[in-house]
Amino acid sequence: MVKTTHGKVHGKMIELDEDLGVPEGQEVEVQVRVLPSAPPLSEGLAKVYEILGRRHSSGYTDTAERHNEHQP
């Protein structure tokens, strides 16, 4: 079996993003390729993402059902 997955290094351990389906204690061979880190966000873009990440509750529970209500 050959499978590609991603993970993060924590000391001598690698935390994988998904379960490989390999039995506990199974011996495996690992090849590591370091991925480039994402460039830092500009201050303005970071603020935009922070605002978009907020949840908003208007108090109206049927907003999704009524989104086309005033369309011709």
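Throughout, read-outs are computed from the coordinates displayed, never taken from laboratory work. Here the structure is a predicted model, which is why all the values come from computation and not from measurement. Methodologically, a virtual Cβ is constructed for each residue, glycine included, from the backbone with ideal geometry; neighbour enumeration extends over all protein chains shown.
Residue 49 sits among other residues whose Cβ lies under 15 Å from its own Cβ, and their net charge, with Lys and Arg +1 and Asp and Glu -1, is +1.
Relative to the longest principal axis of the Cα atoms of the chain, helix 43-52 runs at roughly 70 degrees.
Computed extension gain for residue 68 through residue 52, at 0.36 nm per residue and net of the alpha carbon distance, reaches 3.5 nm. Taking trypsin sites (Lys or Arg not before Pro) across the chain, the ones in a DSSP loop with at most 16 further Cβ atoms lying within 10 angstrom of their Cβ are 3, 12, 33, 54, 55, 66.
Stokes-Einstein diffusion for the chain, with the hydrodynamic radius set to the Kirkwood value over Cα pairs and evaluated at 37 °C in a medium of 0.692 mPa s, equals 182 µm²/s. Taking GluC sites (Glu not before Pro) as exposed when DSSP calls them loop and at most 13 other C-beta atoms lie within 10 angstrom, the chain has its longest site-free stretch at 30-64. Taking a cut-off of 12 Å between Cα atoms, list the aspartates and glutamates near residue 8, but don't count ones fewer than 8 places away on the same chain. Candidates past the 8-residue exclusion: 17, 18.
Per-residue extension of 0.36 nm, minus the Cα-Cα distance of residue 26 and residue 1, leaves a gain of 7.7 nm for this segment.
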